[in-house]
Amino acid sequence: MYRRSFLGMMGAAFATALMGCAQEEEKLATTPQPAGTPTPEVAEKEAPSLPEPPWEYKKLDLDKVADLGYQGYCGKTFDGEELPGAHCCFGSFYAIVKALADEVGSPYEEFLPVASISTVGKGGVVGWGTLCGTLNGAAWAAYLCLPEEEADKVVNELYAWYQVEELPKYKPPKAMKAELDPMPSSVANSPLCHASVTNWCEVSGYKAFSPERSERCARLTADVARKAVELINAMHDGTFAYVYYEMDDDLNTCGSCHSNKGGLIENTRGKMHCSSCHTESGAKNIEDVSGHPKV
């Protein structure tokens, strides 16, 4: 998602809030107020304005972010306090924004209530199984605290890592969706929700709508939020370097013809593993797919 599109969506959310404020002003104008109550004009002057990203960043504690991600997925804290959103996309987005609100303060504090809009990314966007919500939310957060070019690099590395890493690894201090120990893990081989969930279900034997799968995704949210902040911290320190993204064989072979600008075919866009979809009878190498030329 481009920064302009993201900010436009956030602007729409704030516009809705402002409409509500305007309606409240009408009520205030006709209702006697207690002594000392600020007038709408004064309240408007006191309301902080949000600067254009990127915002100030301070290195975050990885374990704290992981805990926040797990709680964000569950929609409540370990103490039972209800959060304004839930599920995977909200969990990773909330974890990073909340941690920065605690560490930096403004403007993350003022922005935090709007983080609930990221709930739309649940289950690969309202259950459509497209981009994994954890990755979606983490990418939004990266765009808040990094310049676009740096955020793109963080997202590239995060998504490439997600495709090949065996997850989940995080273990909460107390499970909130299902007690499952040991927690089965799997490799997604794709940034897509439906592929990630299916691979885990096949490995674990649990159903896609089971509480065990929900517990798995809560822990996965913690893992992704943690990894995202690890990469953002490295970018902040000047130590960031591609590892998983540069080792992507599909990107370096298939992409050179199909998805690189100026490539021999140049008939698609994308960076995910080609073999996660374009296979025949489980072929792992594109040469094994009938009709494809040797590369």
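What follows draws every value from the coordinates through simple rules; no lab data is involved. These figures come from a predicted structure and were not determined experimentally. Positions of Cβ are generated from backbone atoms using ideal geometry, with glycine treated the same way; all protein chains shown enter the neighbour counts.
Could you compute the net charge surrounding Cys88? Neighbours are other residues with a C-beta less than 13 Å from the C-beta of Cys88; K and R count +1, D and E count -1. Once positives and negatives cancel, what remains is +3. Computed from backbone phi with θ = phi - 60° and the Karplus coefficients 6.51, -1.76 and 1.60, the 3J(HN,Hα) list for the stretch 103-110 is 8, 9, x, 6, x, 5, 4, 5 Hz; x is used for glycine and proline.
Based on the mean of other beta carbon atoms within 10 Å per residue, what is the order of 159-170, 74-85, most packed first?
Ranking, from highest mean packing down: 159-170, 74-85.
Positive contributions from Lys and Arg (+1) and negative ones from Asp and Glu (-1), summed over other residues with Cβ under 12 Å from the Cβ of Ala234, come out at -1.
On the basis of the beta-carbon distance and an R0 of 25 Å, Asp237 and Asp102 show a calculated FRET efficiency of 0.80.
For the stretch 62-241, a Kirkwood hydrodynamic radius built from all Cα pairs, placed in the Stokes-Einstein relation at 4 °C and 1.567 mPa s, yields a translational diffusion coefficient of 82 µm²/s.
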